[in-house]
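Quick notes on the structure that follows.
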Amino acid sequence: MKTYLVTGGAGFIGSNYIQYMFGKYKESIRIINVDCLTYAGNLENLVSVENRENYIFIKEDICSKEAIHNIFKQYDIDRVVHFAAESHVDRSIRNPQIFVNTNVMGTLNLLDAAKCAWETKGGYKEDKKYLQVSTDEVYGSLEEETGYFYETTSIDPHSPYSASKASADMLVKAYIDTFHFPANITRCSNNYGPYQFPEKLIPLMINNALLGKKLPVYGDGKNVRDWLYVRDHAKAIDMVMEQGRLGQIYNVGGHNEKQNLEIVNLIIETLAELLPAKDPRKEHLNRDLIRYVEDRKGHDKRYAIAPEKIKAETGWEPETMFAEGIRLTIEWYLNNQKWMSHVTSGDYQKYYLEMYR
Ligand code: NAD
Ligand code: DAU
């Protein structure tokens with residue numbers, strides 16, 4: 001049985017990944033989820049797995065040297081999947097420091113602990129691997145309407161968030177190059193799907209539209225993001241972990257570029273279609289809700305991932321096309337209004353105390 005150390009498993013992508021992995025591997029893996037439960041960490045995302053015997057939750061900060069080294073001493077970890085991060089660009093513009101602490105120093109701490117635990121005289125214990133979950137934002141911005149980010153594209157981050165993620169990638173690369181550390185880096189485009197914190201574009205717009213609140217579109221709404229359904233990202237991470245060549249970087253994306261305004265309009269239309277005829281929330285669901293607001297500082301124009309390498313080397317392909325994925329996502333938020341109200345009221349933070357008292 002392989003033991004996975006998953007960091008940040010209570011967040012959006014981490015919790016989807018854990019559910020995906022248990023769905024696929026059932027009892028044949030063990031997952032240890034290490035998460036310090038920042039505002040973005042929500043154990044309610046993991047209700048479906050919390051009673052499994054092969055799941056362990058540890059509330060810890062990845063920056064704590066002693067705690068992380070102890071976890072590696074206590075458990076024979078085979079796989080590390082490192083999601084834990086401060087992930088929101090707007091927050092990084094207001095408070096960069098915490099992004100460097102968590103995303104850079106936290107990653108270094110984790111690399112160091114894994115290296116210490118896995119090192120042997122001649123190299124590393126057999127079949128151990130570390131995967132750094134990175135982002136397309138490290139490549140910066142495509143200012144033209146054409147062109148893609150390749151694994152060979154130079155790193156050129158603009159926001160404090162992307163600079164901290166790029167720094168973390170460079171540390172992983174340094175461990176690979178200097179210590180032959182067994183690792184991969186994946187760089188994925190924008191994810192969407194269930195359990196995303198409503199500070200990010202899609203859940204924020206869904207929630208505001210349902211409440212009849214204004215929909216704040218930054219700038220002219222023409223910035224482009226390349227959207228991937230979160231389960232497809234989870235699958236890509238698993239495939240790179242098992243089939244990726246050591247030391248390699250893999251881009252992850254599904255060739256699905258959309259302007260922000262397109263997404264917002266689609267959310268309004270889909271909600272109007274899905275709500276029952278007499279639902280009073282239908283009344284205000286139209287484009288009048290849109291408000292163009294001040295642009296994000298340093299707002300990257302366009303992201304577009306070239307995913308050919310992961311396809312060629314592992315056979316990974318996205319399974320959920322955008323038309324289906326966005327509908328599934330909107331339906332999920334409609335069916336999980338309690339989750340949304342816990343998140344927006346802050347009640348979800350009481351769950352840890354109640355559950356793990
Ligand atoms: P998220 O903000 O939803 O979740 C982050 C999780 O990390 C939370 O559970 C939080 O409690 C935990 N965490 C934060 N600081 C911690 C610390 N010091 N110690 C332990 N746990 C800590 O983020 P997400 O959107 O799920 O992103 C996960 C990873 O994927 C990040 O590394 C992010 O850079 C990367 N990524 C995200 C996207 C996207 O579209 N969301 C795309 C590509 C890559
Ligand atoms: O590309 C991958 C990245 O995608 C990840 O590394 C990040 O962790 C993740 O947060 C995401 O970053 P973005 O900045 O692209 O996502 P966000 O949802 O914040 O914004 C998406 C686009 O929508 C962006 O162009 C800004 C715009 N936007 C966002 C918000 C929150 C608005 O117009 N209005 C808003 O209220």
> Do you know which of the residues in region 151-160 that are open to solvent by less than 50 Å² (accessible area, probe 1.4 Å) and either assigned to a loop (DSSP other than H, G, I, E, B) or modelled with pLDDT under 95 (or both) is nearest to ligand 2 (Cβ to nearest atom)?
Replying inline: S159
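Going through region 255-276 one residue at a time, which ones are assigned to a helix (DSSP H, G or I) and open to solvent by 70 Å² or more (accessible area, probe 1.4 Å)? Explain how you work it out, then say what you get.
Pass one, region 255-276, residues assigned to a helix (DSSP H, G or I): 260-274.
Within region 255-276, E262, E269, E273 meet the criteria.
Taking region 282-298 as the region of interest, how many residues are open to solvent by less than 90 Å² (accessible area, probe 1.4 Å) and either under 11 Å from V217 (Cβ atoms) or charged (D, E, K, R) (or both)? Break it down stepwise before answering.
In the first step, residues of region 282-298 are kept if they are open to solvent by less than 90 Å² (accessible area, probe 1.4 Å); the result is 282, 284-286, 289-290, 293, 295-296, 298.
Now narrow it down to the ones that are either under 11 Å from V217 (Cβ atoms) or charged (D, E, K, R) (or both): 282, 289-290, 293, 295-296.
Going through region 282-298 one residue at a time, the tally reaches 6.
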>> Taking the condition of being assigned to a loop (DSSP other than H, G, I, E, B) and within 15 Å of ligand 2 (Cβ to nearest atom), how many residues in region 177-193 meet it?
In response: 2
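Collect the residues in region 192-217 that are within 16 Å of ligand 1 (Cβ to nearest atom) and either open to solvent by 10 Å² or more (accessible area, probe 1.4 Å) or out of contact with any helix residue (DSSP H, G or I) (no Cβ under 9 Å at 6 or more places or on another chain) (or both), keeping them in residue-number order. Write out each step before concluding.
Step one: filter region 192-217 for residues within 16 Å of ligand 1 (Cβ to nearest atom), giving 192-207.
Within region 192-217, P194, Y195, Q196, F197, P198, E199, K200, L201, L204, N207 qualify.
I'd like the residue in region 212-224 that is touching a residue at least 40 places away in the same chain (Cβ under 8 Å) and not in a strand (DSSP E or B) and, out of all such residues, is farthest from ligand 2 (Cβ to nearest atom). Full working, then the answer.
Residues of region 212-224 touching a residue at least 40 places away in the same chain (Cβ under 8 Å): 212-221, 223-224.
Filter again for not in a strand (DSSP E or B), leaving 212-214, 219-221, 223.
Numbers: G212: 16, K213: 11, K214: 10, G219: 7, D220: 10, G221: 6, N223: 4 Å.
Within region 212-224, the match that is farthest from ligand 2 (Cβ to nearest atom) is G212.
Out of all the residues in region 129-150, which are open to solvent by 20 Å² or more (accessible area, probe 1.4 Å) and either touching a helix residue (DSSP H, G or I) at 6+ places or on another chain (Cβ under 6 Å) or among the β-branched types (V, I, T) (or both)? Can you show your working first?
Going residue by residue through region 129-150, those that are open to solvent by 20 Å² or more (accessible area, probe 1.4 Å) are 137, 141-148, 150.
Matches in region 129-150: E137, T146.
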>> Suppose we filter G315, G325, G346 for residues that are over 29 Å from D220 (Cβ atoms) and within 16 Å of ligand 1 (Cβ to nearest atom); which single one remains?
In response: G346
>> Could you go through region 81-93 and let me know if any residue there is in contact with a Lys or Arg (Cβ under 6 Å, 6 or more places away or on another chain) and surrounded by 15 or more Cβ atoms within 10 Å (Cβ to Cβ).
In response: yes
>> Can you say whether A163 is within 13 Å of ligand 2 (Cβ to nearest atom) and either part of a loop (DSSP other than H, G, I, E, B) or surrounded by fewer than 24 Cβ atoms within 10 Å (Cβ to Cβ) (or both), as far as the supplied structure shows?
In response: yes
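Would you check if A209 is closer than 20 Å to G8 by Cβ, within 14 Å of ligand 2 (Cβ to nearest atom) and assigned to a helix (DSSP H, G or I)?
Details: closer than 20 Å to G8 by Cβ: no; within 14 Å of ligand 2 (Cβ to nearest atom): yes; assigned to a helix (DSSP H, G or I): yes.
Judged against the criteria, A209 is not a match.
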> Which number in (1) touching a residue at least 60 places away in the same chain (Cβ under 8 Å); (2) loosely packed, with under 15 Cβ neighbours inside 10 Å marks the one condition that D279 misses?
Replying inline: (1)
> Among the residues of region 32-51, is there at least one that is more than 25 Å from G346 (Cα to Cα), more than 15 Å from ligand 2 (Cβ to nearest atom) and surrounded by fewer than 17 Cβ atoms within 10 Å (Cβ to Cβ)?
Replying inline: no
> Quick one: M170 ticks every box in (1) surrounded by fewer than 18 Cβ atoms within 10 Å (Cβ to Cβ); (2) not in a helix (DSSP H, G or I) bar one, so which box is it?
Replying inline: (2)
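The values are calculated or read from the model by the stated rules, or taken from the named source; none is laboratory data. From a predicted model like this one, the values you see are computed outputs, not experimental measurements. So basically every Cβ, Gly included, is an ideal-geometry build from the backbone, and we count neighbours across all protein chains shown. Protein only, heavy atoms only, side chains kept; ligands, DNA and RNA dropped before computing areas. Shrake-Rupley method; radii C 1.70, N 1.55, O 1.52, S 1.80 Å.
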